[in-house]
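So the structure is just underneath, and the comments pick up after that.
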Amino acid sequence: MQTHVYHITYSPEVETAYLFFWGCNMHCRGCIRLLHGWDSHLPDPGQPKTEIQPRLLAMDEVLNVLAPHPIRRIFFLGDDPSVDPVLEPLAQALKDRFRAEHVLLTNGLLLPPYRLFDEIQVSIKAVTPELHRDFTGVDVAPALDHFRHLYEAGIRLRSESIVIPGYIDAVEIERVAKFIASVDPDIPYRLDAYIPVPGTPWRRPTRDEMTEAMAAARRHLRHVHMLHARTSQRHQVVRLV
Ligand code: SF4
């Protein structure tokens with residue numbers, strides 16, 4: 001059975017595997033994957049996604065690649081794992097084999113097979129419908145409905161947004177925070193600084209702009225933190241595929 005997994009990395013220090021899926025149902029103008037097609041935490045992440053011809057792995061291959069390694073946690077990420085039609089049987093097979101904690105990173109546009117995940121991290125690009133459509137090319141309503149649905153299903157949720165000066169800035173971040181707080185003000189919320197993607201008009205936010213966005217989010221949520229650069233947030237990883 002062919003999956004959408006095309007790249008796998010592993011951190012021995014924390015016994016964690018990272019499965020990278022190919023394919024997304026949003027078309028974000030500032031997609032970080034346009035800069036890094038491989039795990040950006042590798043010493044040399046190399047090519048942007050546009051230069052990669054992915055080889056999609058069979059489910060058995062994913063299991064065999066991971067088999068020699070002790071695994072306590074598996075991250076499902078990349079583009080959006082939820083678009084993989086075999087995500088559910090893959091997650092089930094991995095659960096049966098490794099009994100590891102499963103963490104899914106998604107944009108929330110599709111409702112994932114959430115019972116197979118211990119934690120789901122939803123990236124909320126914006127909540128203002130016009131802004132969300134302008135940035136992603138799709139409507140925001142399904143993603144927000146699914147976020148609430150996942151919470152009501154008892155899934156451990158986290159959320160994150162990208163701060164883009166003059167576009168998705170403190171004003172919009174506060175709106176996102178208000179939405180998350182309407183679900184539960186204890187849901188953790190992370191703000192990432194935008195990393196300029198060629199062909200887009202936006203610059204990286206300053207630390208003051210990130211602090212302003214964080215203060216706006218903290219008016220509604222109890223657990224807000226920020227990343228000003230996507231650096232050294234993970235333990236060292238090695239490439240398995
Ligand atoms: S949802 Fe994520 S992976 Fe998909 S286009 Fe947007 S930023 Fe890229």
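The values are calculated or read from the model by the stated rules, or taken from the named source; none is laboratory data. These numbers come from a predicted model, not from an experiment. Cβ: placed from backbone, ideal geometry, glycine included. Neighbour counts: every protein chain shown.
Let's see how each residue does on (1) of a type in the set (Lys, Arg); (2) in contact with a Leu (Cβ under 8 Å, 6 or more places away or on another chain); (3) farther than 16 Å from Pro188 by Cα:
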site	(1), (2), (3)
Ala126	no, no, yes
Asp134	no, no, yes
Ala143	no, yes, yes
Leu150	no, yes, no
Leu157	no, yes, no
Ser161	no, yes, no
Pro165	no, no, yes
Ile168	no, yes, yes
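Annotation: of all residues in the range 36-45 being farther than 24 Å from Glu101 by Cα and more than 15 Å from the chain's Cα centre (by Cα), the one that is surrounded by the fewest Cβ atoms within 10 Å (Cβ to Cβ) is Asp44. Within the range 79-98, none of the residues are part of a loop (DSSP other than H, G, I, E, B), aliphatic (A, V, I, L, M), within 14 Å of the ligand (Cβ to nearest atom) and closer than 28 Å to Val163 by Cα.
Working only within the range 48-71, note down all residues that are under 30 Å from Gly199 (Cβ atoms) and not aliphatic (A, V, I, L, M).
The initial filter retains those residues of the range 48-71 that are under 30 Å from Gly199 (Cβ atoms), namely 48-56.
Scanning the range 48-71 gives Pro48, Lys49, Thr50, Glu51, Gln53, Pro54, Arg55.
Could you look through the range 105-128, keep only residues that are touching a residue at least 40 places away in the same chain (Cβ under 8 Å) and more than 10 Å from the ligand (Cβ to nearest atom), and pick out the one that is nearest to Arg73 (Cα to Cα)? Per the stated criteria, the residue is Phe117. Within the range 1-25, being of a type in the set (Phe, Trp, Tyr), in a loop (DSSP other than H, G, I, E, B) and either in contact with a helix residue (DSSP H, G or I) (Cβ under 7 Å, 6 or more places away or on another chain) or surrounded by fewer than 21 Cβ atoms within 10 Å (Cβ to Cβ) (or both) holds for no residue. When Gln2 is tested against (1) more than 13 Å from the ligand (Cβ to nearest atom); (2) closer than 23 Å to His235 by Cα; (3) at pLDDT 95 or above, just one condition goes unmet, and that condition is (2).
Out of curiosity, is Pro48 within 16 Å of the ligand (Cβ to nearest atom), at negative phi, of a type outside the set (Gly, Ala, Ser) and surrounded by fewer than 21 Cβ atoms within 10 Å (Cβ to Cβ)?
Details: within 16 Å of the ligand (Cβ to nearest atom): yes; at negative phi: yes; of a type outside the set (Gly, Ala, Ser): yes; surrounded by fewer than 21 Cβ atoms within 10 Å (Cβ to Cβ): yes.
Answer is yes for this residue.
Looking across the range 106-144, the residues that are under 27 Å from Lys95 (Cα atoms) and charged (D, E, K, R) come down to Arg115, Asp118, Glu119.
Would you check if Ala126 is among the small types (Gly, Ala, Ser) and within 15 Å of the chain's Cα centre (by Cα)? Taking the combined requirement at face value, the residue satisfies it. Kindly indicate whether any position in the range 91-98 is in contact with a Lys or Arg (Cβ under 8 Å, 6 or more places away or on another chain), surrounded by 16 or more Cβ atoms within 10 Å (Cβ to Cβ) and without any contact (Cβ under 8 Å) to a residue 60 or more places away in the chain. Scanning the range 91-98 turns up no residue that is in contact with a Lys or Arg (Cβ under 8 Å, 6 or more places away or on another chain), surrounded by 16 or more Cβ atoms within 10 Å (Cβ to Cβ) and without any contact (Cβ under 8 Å) to a residue 60 or more places away in the chain.
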